[in-house]
Amino acid sequence: MSQKKLKIGLFGFGCVGFGLYEVLQKTPGLKADIRKICVKNTDKEREIDPSNFTFDKNDLLNDDEINVIVELIDDADAAFEIVSSALKKGKAVVSANKKMIAEHFTELLELQREYGVPLLYEAACCASLPIIRNLEEYYDNDLLESIEGIVNGSTNYILTKTFAENLSYEAALLEAQQKGFAESNPILDTGGFDAKYKLQILLAHAFGFIAKPEALFNIGIDRIGKLELKYAKEKGLKIKLIAKAFKNTDGTVSAFVLPKFVHPENRLFSVDDVFNGVVTKTSFADEQFFVGKGAGAHPTASAVLSDISALGYDYKYEYKKIGQQQGLTLTDNIELDVLLRHEKPAAEALRQEFTSVNESYLNGESGYITGKISFGKLKALHNENEERSFVLI
Ligand SMILES: NC(=O)c1ccc[n+]([C@@H]2O[C@H](COP(=O)([O-])OP(=O)(O)OC[C@H]3O[C@@H](n4cnc5c(N)ncnc54)[C@H](OP(=O)(O)O)[C@@H]3O)[C@@H](O)[C@H]2O)c1
């Protein structure tokens, strides 16, 4: 099969957009040229000649020569406008925008079907890791039991620096931003929202379940305190921000984003810095492990490049599992092993919420409880206004 010639209209020339430009220069074998680039700020200095740029999205969307729109901007609402217009005009689209994809998953699916054009977004999940295409093509739905991973490079970088190198949280976040790993709005990363958007996409491709992002529970790393770090250090564990989706024995699925104490024997223990790691578990193959850089210009651009190349051969996601999985439900009816850090006066009342308690500890003003708690109770007790944090054990 010969590869189609692709004329690209590129939106965004920031960390990933410029990364893609550089990567394309180094892959002359790929029959893909950037015809025009649309950006936002008229007074910004650019790395390449100004004649390459426009500030009007219609210059790209109305150009009949452009058959692929690559959307790499940092504004999810504007991105949805661009991507939906492009699909309606019959242009194939590549995007790295997990927030936009997670928030509009069903609409984007319908647009692809109605207009018969593909939307690929490998870079939106774990940047350089080829996880979506593997879930889509390789894993048969009946065999896949769970998917668990570190899916946000920026928070993993912050956790690695604060834990191993004793950098302050603020200094580590600044470093992540300076290196181009962080989202423009840092709470998307640190609050676990970016991981939640990726979990939504993973759920759809792993199990064929389309969740609304707000139906998925997330706690980020911004609540982690000194007591949890001390607990981890004393026990030889690391704290990682985990996104997890799994099938229960009754066929329902559960999913969440939570910080987790990770044991040295866990494959995710050694996934540090900006790396992401995903462990899949299937009935017959048991565990499989994907690891790679989860953010940054060239690693992210490599996944965008792979999608562009796949479009040259008319690749599209089939979404087979979505068709097969009508009636699948998401449940909170599970028990989790956790550590709950709390303020001292709340200790006794919180103990009562646990199904079973392993350990409890109090110091001057705070303490922790470890044990089993129902996911529903955990969600009810997670309160932004209370000095409380949950970490999975
Ligand atoms: N950075 C990473 O490591 C990473 C990894 C995976 C996925 N992603 C995703 O990739 C996308 C881009 O991230 P980034 O880090 O490259 O962002 P970035 O460095 O902040 O660059 C954003 C670019 O978008 C342009 N832009 C914003 N609004 C626009 C609009 N309405 N029309 C046209 N251009 C617009 C900006 O234009 P100006 O240049 O004029 O300001 C800028 O060039 C995001 O969806 C992000 O979630 C990033």
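What pairs in 4/31; 57/316; 99/379; 212/244 have C-alpha atoms more than 18 Å from each other? Walk me through the intermediate numbers first.
Details: 4/31 7 Å; 57/316 25 Å; 99/379 22 Å; 212/244 16 Å.
Too far apart for the 18 Å limit: 57/316; 99/379.
I'd like the distance separating the alpha-carbon centroids of the range 337-393 and the range 10-42, in whole Å.
So the separation of the two Cα centres works out to 48 Å.
Aspartates and glutamates within cross-link reach of residue 179: Cα-Cα under 15 Å, excluding same-chain residues under 8 positions apart?
170, 189, 273
With N residues in the range 180-326, what two-decimal value do you get for its Cα radius of gyration over 2.2 N^0.38 Å? Display every interim value, and only then the final one.
Details: Rg = 16.9 Å, N = 147, 2.2 N^0.38 = 14.7 Å.
Ratio of Cα Rg to 2.2 N^0.38 Å: 1.16.
Which ³J(HN,Hα) values in Hz, rounded to whole numbers, follow from the phi angles of the range 246-262 under the Karplus curve 6.51 cos²θ - 1.76 cosθ + 1.60, where θ = phi - 60° and Gly and Pro get x?
Listing the rounded values in order: 8, 8, 8, 4, 7, x, 6, 10, 10, 7, 6, 10, 8, x, 9, 6, 10 Hz.
Whole percent per 5 Å bin, from 0 to the bin with the longest distance: what is P(r) over all C-alpha pairs of the range 1-103?
2, 12, 25, 25, 20, 11, 3, 1, 0
May I ask you to evaluate 6.51 cos²θ - 1.76 cosθ + 1.60, the Karplus curve with θ = phi - 60°, for each residue of the range 185-198 and list the ³J(HN,Hα) values in order in whole Hz, giving x for glycine and proline?
Using θ = phi - 60°, the values come out as 9, x, 5, 4, 7, 5, x, x, 6, 4, 5, 5, 4, 5 Hz.
For residue 242, list long-range residues whose amide hydrogen, built 1.01 Å from N in the peptide plane, is under 5 Å from its own amide hydrogen.
258, 260
How far, in nm, would the chain grow between residue 235 and residue 331 when pulled straight, counting 0.36 nm per residue and subtracting the alpha carbon separation? Don't jump to the answer; show the numbers that get you there.
Values: separation 96, 0.36 × 96 = 34.56 nm, distance 3.17 nm.
Length gained between residue 235 and residue 331: 31.4 nm.
Report the label-to-label distance for residue 383 and residue 46 in nanometres (one decimal), using points 7 Å from each Cα along the Cα→Cβ vector.
5.3
So how far apart, in nm, are the two label points at residue 215 and residue 263 if each is 7 Å from Cα heading toward Cβ?
3.3
Give or take rounding to whole Å, what are the principal axis extents of the alpha carbon atoms in the range 329-393, in descending order?
The Cα atoms of the range 329-393 stretch 44, 26, 18 Å along their principal axes.
Give me the percent of DSSP beta bridges within the chain that run antiparallel, rounded to the nearest 5.
Antiparallel bridges make up about 70 percent of those DSSP assigns within the chain.
If you find the alpha carbon centre of the range 279-334 and of the range 167-196, how far apart are they in angstrom?
If we compute the Cα centre of each part, the gap is 23 Å.
Could you please rank 113, 133, placing first whichever residue has the fewest other Cβ atoms within 10 Å of its Cβ?
With the fewest neighbours first, 113, 133 line up as 113, 133.
Once phi is turned into θ = phi - 60°, what whole-Hz ³J(HN,Hα) does the Karplus curve with 6.51, -1.76 and 1.60 give for every residue of the range 327-337, x standing for Gly and Pro?
Working through the residues one at a time gives x, 5, 10, 9, 10, 9, 7, 9, 10, 10, 8 Hz.
Measure out, as a whole number of angstrom, how far apart the alpha-carbon centroids of the range 232-261 and the range 63-117 sit.
If we compute the Cα centre of each part, the gap is 32 Å.
Which number do you get for Rg(Cα) / (2.2 N^0.38 Å) in the chain?
1.03
Give me the net charge of residue 177's neighbourhood, meaning all other residues with Cβ under 12 Å from the Cβ of residue 177; Lys, Arg count +1, Asp, Glu -1. If you can, show how the numbers build up before the last one.
Numbers: positive: 179; negative: 170, 175, 183, 189.
Result for the local shell: -3.
Would you order 304, 70 from fewest to most other beta-carbon atoms within 10 Å of each residue's own beta-carbon?
Details: 304 28, 70 33.
Ascending number of Cβ neighbours within 10 Å: 304, 70.
Treat the count of other C-beta atoms within 10 Å as a stand-in for reagent exposure and order 42, 370, 252, 280 from fewest to most.
Numbers: 42 7, 370 20, 252 16, 280 24.
Lowest count first: 42, 252, 370, 280.
Quick note: the coordinates plus some simple rules give every number you see, no bench work behind them. Because the structure is a prediction, the values reported are computed rather than measured. All Cβ positions, glycine included, derive from the backbone under ideal geometry; neighbour counts span all protein chains shown.
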